[in-house]
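The structure follows.
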Amino acid sequence: MLKVLGISGSLRDASYNTSLLRAAGELFNRDEVEFSIYDGLKAVPPYDQDDDAAGAPDAVTRLRETVAAADAILFATPEYNSSVPGHLKNALDWVSRPIATNPLRNTPVAVVGASTGMFGAVWAQAELRKVAAAIGARVLEVELAVGHAHTRFDEQGRLTDESIREQLQAVVNVLVAETIASKERAAAA
Ligand SMILES: Cc1cc2nc3c(=O)[nH]c(=O)nc-3n(C[C@H](O)[C@H](O)[C@H](O)COP(=O)(O)O)c2cc1C
């Protein structure tokens, strides 16, 4: 069984990005993949290297352990002022240390995003890919930009746009295929 962890860059209850992850969760083959969405990002404090050296806070330990237990990560990020939301970047800064042994290293990562603007968080996605690659993740060449997000979900947060669902399925398929290939490479090494 593969473990795929979804991380939403939005903390709000009715987040389109979290809804997008929930929609993705329905597209994995349940016999093959266990998918869960991380729920502890809001508890992660601002990065402080002194705190890290003194022993990371519990919220950070949980985050690091959950990332370490995942075979792959699917991020869905909003765009805040043309970039990654600060709390998501902050969480990745915690995850990235110590850099040589951080739990994202060599982990397959796919990034999608939704925004209420027309471009679907493309700049935030690009920056998140850059950051994840800098940390050592295996960032996949996939993209899904959900623009005008308020028109793609119903009031319960269910994805109603079939074209987006097809594109999301393609992202899920690439992520699963790469994760299997990556595990096979690791087992052969
Ligand atoms: C602080 C802030 C900055 C934002 N900046 C952008 C932006 O640069 N580009 C954009 O398309 N939308 C921007 N938005 C609108 C978001 O796309 C919109 O709030 C979206 O619903 C956030 O994703 P969520 O539904 O997952 O929370 C911004 C929203 C906030 C709160």
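Averaged per residue, what accessible area in Å² does the stretch 67-189 show with a 1.4 Å probe, protein chains only? Please report the intermediate quantities before stating the final value.
Numbers: 5740 Å² over 123 residues.
Accessible area per residue: 47 Å².
Follow-up. When the helix-only estimate is applied to the chain (DSSP H runs of n ≥ 4, each -39,500 (n - 2.57), divided by the residue count), what is the mean residue ellipticity at 222 nm, nearest 500 deg cm²/dmol? Walk me through the intermediate numbers first.
On the way: 6 runs with 79 residues, N = 189.
The helix contribution divided over the chain gives -13500 deg cm²/dmol.
Where the accessible area of the stretch 68-189 is counted over protein heavy atoms with a 1.4 Å probe, how much of it, in %, is carbon and sulfur?
Working: 3020 of 5740 Å².
Carbon and sulfur together cover 53 percent of it.
Pulled fully out, how much extra length does the chain show between Ala54 and His148, if you take 0.36 nm times their separation in residues and subtract their Cα-Cα distance?
On the way: separation 94, 0.36 × 94 = 33.84 nm, distance 4.40 nm.
Roughly 29.4 nm would be gained on extension.
Another question, then. Report the antiparallel proportion of the DSSP beta bridges in the stretch 1-113 as a percent, rounded to a multiple of 5.
Working: 1 of 16 bridges.
Approximately 5 percent, going by the DSSP bridge assignments.
Which order do peptides 172-179, 62-69, 114-121 fall in by mean Cβ count within 10 Å, highest first?
Values: 172-179: 19.1, 62-69: 16.6, 114-121: 21.2.
Per-residue Cβ counts within 10 Å, averaged per peptide and sorted highest first, yield 114-121, 172-179, 62-69.
How would the stretch 1-139 be classified by its alpha-carbon gyration tensor: rounded, prolate or oblate, with rounded meaning a/c under 1.5 and the a/b versus b/c comparison settling the rest?
Working: a/c = 1.58, a/b = 1.19, b/c = 1.33.
Oblate is the answer for the stretch 1-139, as a/c is 1.5 or above yet b/c matches or exceeds a/b.
Can I ask one more? With the Cα gyration tensor of the stretch 143-189 giving a ≥ b ≥ c as the square roots of its eigenvalues, does the rule (a/c under 1.5 for rounded; else a/b larger than b/c for prolate; else oblate) give rounded, prolate or oblate?
Working: a/c = 4.07, a/b = 3.45, b/c = 1.18.
The shape class here is prolate.
Pulled fully out, how much extra length does the chain show between Ala133 and Met118, if you take 0.36 nm times their separation in residues and subtract their Cα-Cα distance? All intermediate terms of the calculation are to be shown ahead of the outcome.
Values: separation 15, 0.36 × 15 = 5.40 nm, distance 2.61 nm.
Gain on extension, Ala133 to Met118, equals 2.8 nm.
If each residue of separation counts as 0.36 nm, what is the full-extension length gain between Thr101 and Asn29 once their alpha-carbon separation is subtracted?
Here the segment from Thr101 to Asn29 would lengthen by 22.9 nm.
Excluding Gly86 itself, what net charge comes from residues whose Cβ is under 15 Å from its Cβ, given Lys and Arg +1 and Asp and Glu -1? Don't skip to the answer; put the middle values down first.
Numbers: positive: Arg12, Lys42, Lys89; negative: Asp48, Glu79, Asp93, Glu127.
Overall, the nearby charge balance is -1.
Let me test this: with uniform point scatterers at the alpha carbons of the stretch 61-189, what is the Debye-based log₁₀ I(q)/I(0) at q = 0.19 1/Å?
Reported log10 I(q)/I(0), two decimals: -1.10.
The values are calculated or read from the model by the stated rules, or taken from the named source; none is laboratory data. Quantities reported herein were computed from a predicted structural model and do not represent experimental measurements. Neighbour counts run over all protein chains shown; Cβ positions are idealised from the backbone, glycine included. Accessible surface is based on the protein model in full, side chains and every heavy atom, while ligands, DNA and RNA are left aside. Shrake-Rupley method; radii C 1.70, N 1.55, O 1.52, S 1.80 Å.
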